[in-house]
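For reference, the structure is listed below as structure tokens.
Each reported figure results from applying straightforward, stated rules to the coordinates on display, with no laboratory input. Remember, predicted model here, so these are calculated numbers, not experimental data. Methodologically, a virtual Cβ is constructed for each residue, glycine included, from the backbone with ideal geometry; neighbour enumeration extends over all protein chains shown.
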Amino acid sequence: MDAEIATILAMDGIASGAIYLLIGLGLVLIFAVTRVIFVPFGDIAAFTGLSLAALENGHRPGTVGLVAVLAVLATLKETALLVRTRELHRLPHTLLFYLVLPLAPAAAIWFTTGSVLPMPLRIVLALALVLPIAPLLDCLVFRPIADASVLLLLTVAVALHFALDGLGLLFFGPEGVRTQPLTETVLDIGGFIVNAQTLLIVAASIVFSGLLYLFFEFTLLGKALRATAINRTGARLVGIRPTSTASKAYLLGSLLAGISGVLIAPATTMFYDSGFLIGLKAFVGAIFGAMASYPVTALGAILVGLLESFASFWSSAYKEVVVFGLLIPILLWRSLSLGEVEEEEAEE
Amino acid sequence: MKHSIAAALLAAVVGVAPAHAEITVGFVTSQSGPASSIGVLYDKGMKAAQEYATAVGEEKIKFIQLDDTSDPSTATRNARKLIEENKVDLVIGTATAASSNAMVAVANELKVPLLAISPITVAPSDTGERWAICIPQPPSLMVKVVINRAKRDGVKKMAYIGFIDAWGDLVYNGAKKPAEDDGIQITTNERYARTDTSVTGQVLKMLATKPDAVLLGGAATQGALPPLTLAERGYKGPLYGTPALLNTDFIRIGGKAVEGVQVSAGPVIVAEQLPDTHFSKKISMTFRDDYQKANGAPPTDGFSAYSFDSWLIFLDAAKRAMAKAKPGTPEFRTALRDAVFTTKDVVGTHAIYNFKPGESYGVDERSLVLVRLVNGQWKYEP
């Protein structure tokens, strides 16, 4: 290996690391606020890419039906809850958030099927279409068991992943797709050929990490999310509703996943089941930060990307083994440095 | 009461049995589930075969088709149902290797001849008896003809990249021996997964060995990932592949990066470009006409032709077996099996078939031609 190859590998690693970073941040966000390790998170990224590809080809993405079904189910559930608690005056609010808002992008796509919209509009529509999936799933699946143990929540999340995986095959078929490149510019930086697409991915992950930082530090909602993450009971005492922060965490996390889906879909072929492995590698990055620290998660994600890239050069057949083998020393180090495990102590 | 119903049924069955029992054939393919993208093609090919012939001599053929939903246990159940309930004389199936292997086990156990339309290595029964043969070209042969062509093109060093699964292994192992014989050095054995997002590392390692050509052991859509990355890194040399790349999604995703790739293919793929003297020309054109009549569109794949060829082999064997025994009897099934295993020079769309007892495959190097991708179309390269 010479310096040139090392540089190319490093650039490739940072580009994939940037994707893992976006998804890792979302994973940590959702876990911190809801204690759910949201396994289907990678699927959300893949679904965004696949929906975008469907829109590009003038097809109606299968996710439209999924969103519609989820929205109707969630609305029924929430309305039933209102009837039971005699709070029917909140019905318009429920209808707006559980039926109208999730269905708006789906309806927009339904009525424009057949005509190919301009690219920025397609990207916005694909993002808006996929955004409600995770919050609606939260409402239907996780909210009724919000106080269960982390292990149970994880098991349910794994089950949910397999359900979404199967639906993905049904919606998008077994063949992979690529979307049109966002930019086809090729830059020459000091003798190295760099795709502008790669720079875009890295830039996006820097920008969104920065925005996330500003959001958590300087907005009330961000502070409420952080408060819930630090102490759920305490947050409740000062008037923060855990169900609403959970929905917002899912929404924000889905946005990160959706953006990474849009960014990688032109650079690689996306399949209905591509998301799982991406999510799993982002998870390894998040483990670095003990599922709690955003900056360490970011570093971990980049490290996973770099390791993957160099491992694919040294011994491509053992690439995944190297990446996932990394989990063992990290977990050893984490459990040794933390000493006592305190994860479940807060819940009696 | 029960007895009288049974007696009535028996009488009915015996009563309507014709003097000449018709031949019954069972066909299993994956019309739903993950393998349906291939399974449906097998189905369409079989529809063309039904258009071609529905009788052996004077004898009508009763044809029963079942869907295995891409699931090996359903394939097993279907094979059992066809043999035990429908009393078929021969079974044809199915779209995946796992399901086909499962059906072979049933065929061996219940002693019914089976024509496998997926490339598998047919296992004999516990007693060493063989009841199944395999129609398609074996993967090792698919690679061998490509390596021979690379030699003819003057390639000395070849880099390999393929899937990290059984297919990637089959191609690599199939390439090793002929490459050694042809004096070609295979410089790398790089692997990637279907869901990988990047093969930059692998491609850099391949290019560092300065290969004259690259051998692709991928399939379908994601087979295009290495050529795309190779093009990005400035590689301009020739690319070689297997029939697994004969796929519209491969062309769609690969675009300019896969132009000029050469793969081995059954001659039926380029039937209209073949010279009139080629064995496959006449029967392939018949197949195309029948396919068009049955499905309303011309064939664009090689899979459907395997179903069609299996039908040709069955027709030929049934003609010879009928001289020995009456359809619907164990004797006929044994005679049909023996006839299948002594198939001699049956001209199909893919190959000239010659089966011998004890062997799974019955094709030779004539069953593969080289085709090159030119402007998104496969062109015959004699």
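Observations, loosely collected:
- Principal-axis tilt of helix B:166-181 within chain B, Cα atoms, nearest 10 degrees: 70 degrees
- Amide H contacts under 5 Å for A:Gly176, placed H, 5+ residues apart: B:Thr221
- Rg/Rg_ref, chain B, where Rg_ref = 2.2 N^0.38 Å and atoms are Cα: 1.07
- Prolate/oblate/rounded call for the range A:194-268, Cα gyration tensor, a/c under 1.5 rounded: prolate
- Simple rule: put +1 on each Lys or Arg Cβ and -1 on each Asp or Glu Cβ in the range B:139-265, find the dipole, and look at B:Val199, B:Phe163, B:Tyr235; the Cα lying farthest toward the positive end is B:Tyr235.
- The range B:153-220: trypsin sites (Lys or Arg not before Pro) in DSSP loop, at most 15 other beta carbons within 10 Å: B:Lys156
- When each of B:Lys293/B:Lys344; B:Lys62/B:Lys326; A:Lys281/B:Lys210; B:Lys47/B:Lys144; B:Lys282/B:Lys379; B:Lys62/B:Lys282 is checked by Cα-Cα distance, pairs over 21 Å: B:Lys293/B:Lys344; A:Lys281/B:Lys210; B:Lys47/B:Lys144; B:Lys62/B:Lys282
- Most mobile of B:Arg130, B:Arg233, B:Arg149 in a GNM of chain B (Cα contacts under 10 Å): B:Arg233
- Rounded to 5, percent antiparallel among DSSP beta bridges of the protein assembly as shown: 35 percent
- Assuming charge only on the beta carbon of Lys and Arg (+1) and of Asp and Glu (-1), the dipole of chain B about its Cα centre is about 400 debye to the nearest 20.
- Counting DSSP beta bridges with both ends in chain B, the antiparallel % (nearest 5): 30 percent
- Legend: Rg and Dmax of chain A, from Cα coordinates, 20.5, 71 Å.
- Taking all Cα-Cα distances within the range B:39-150, those exceeding 24 Å account for 30%.
- Computed about its Cα centre, the charge dipole of the range B:139-265 is approximately 260 debye, with only Lys, Arg, Asp and Glu carrying charge at their Cβ.
- Exposure proxy order (Cβ contacts within 10 Å, fewest to most) of A:His161, A:His59, A:His89: A:His89, A:His59, A:His161
- Sorted by Cβ density within 10 Å, fewest first, the residues B:Leu204, B:Leu82: B:Leu204, B:Leu82
- For B:Met46, neighbours were defined as the other residues whose beta-carbon sits under 13 Å from its Cβ, and their charges (Lys and Arg +1, Asp and Glu -1) total -3.
- The phi torsions of the range B:252-263, fed into the Karplus equation with coefficients 6.51, -1.76 and 1.60 and a -60° offset, translate into couplings of 4, 6, x, x, 5, 5, 9, 4, x, 5, 10, 10 Hz, rounded to whole numbers, with Gly and Pro shown as x.
- Distant-in-sequence amide contacts of B:Phe27, defined by a placed amide H-H separation under 5 Å and a gap of 5 or more residues or a different chain, comprise B:Ile64, B:Gln65, B:Leu66, B:Ile92.
- Global dimensions of the protein assembly as shown from alpha-carbon coordinates: Rg and Dmax equal 29.6, 94 Å.
- Dimensions of the range B:175-254 along the principal axes, based on C-alpha atoms and rounded to the nearest Å, stand at 34, 26, 22, largest first.
- Listed residues A:Ala235, A:Ala54, A:Ala18, most fluctuating in chain A (Gaussian network, C-alpha, under 10 Å): A:Ala235
- Here the Karplus relation 6.51 cos²θ - 1.76 cosθ + 1.60, evaluated at θ = phi - 60°, turns the backbone of the range B:233-246 into coupling constants of 8, x, 6, 10, x, x, 10, 10, x, 10, x, 5, 8, 6 Hz, with x for every Gly and Pro.
- With Cα atoms, 0 to 90° folded angle of helix B:303-321 axis to chain B main axis: 40 degrees
- Label positions at A:Ala6 and A:Thr219, each projected 7 Å from the Cα along the C-beta direction, are separated by 4.2 nm.
- Listed by Cβ neighbour count within 10 Å, with the fewest neighbours leading, A:Asp2, A:Asp273, A:Asp12, B:Asp338 appear as A:Asp2, B:Asp338, A:Asp273, A:Asp12.
- Charged neighbours of A:Leu25, selected by a Cβ distance under 14 Å, balance to +2 (K, R count +1; D, E count -1).
- Projected label distance in nm at A:Val322 and B:Lys156, using a 7 Å step from Cα toward the beta-carbon: 3.1 nm
- Relative to the longest principal axis of the Cα atoms of chain B, the long axis of helix B:330-340 lies at roughly 30 degrees.
- Amide H contacts for B:Gly241 (H built 1.01 Å from N in the peptide plane; partners 5 or more residues away or on another chain; cut-off under 5 Å): B:Leu216, B:Gln262, B:Val263, B:Ser264.
- When chain A is treated as a Gaussian network with alpha carbon springs shorter than 10 Å, the biggest mean-square fluctuation among A:Ser254, A:Ser337, A:Ser51 belongs to A:Ser337.
- When only the Cβ of Lys, Arg, Asp and Glu is charged (+1, +1, -1, -1), the dipole of the range A:3-347 relative to its Cα centre reaches about 1080 debye.
- Since only A:Ile8, A:Leu73, B:Ser125 are under comparison, the one whose Cα sits farthest along the positive direction of the charge dipole of the protein assembly as shown, derived from C-beta charges on Lys, Arg, Asp and Glu, is A:Leu73.
- Charge-dipole axis of the protein assembly as shown as Lys and Arg at +1 and Asp and Glu at -1 on Cβ define it, positive-most pick from A:Leu299, B:Ala175, A:Leu263: A:Leu263
- For the range A:66-107, the calculated P(r) over all alpha carbon pairs, in 10 Å bins from 0 to the bin holding the longest distance, is 33, 51, 15, 1 percent.
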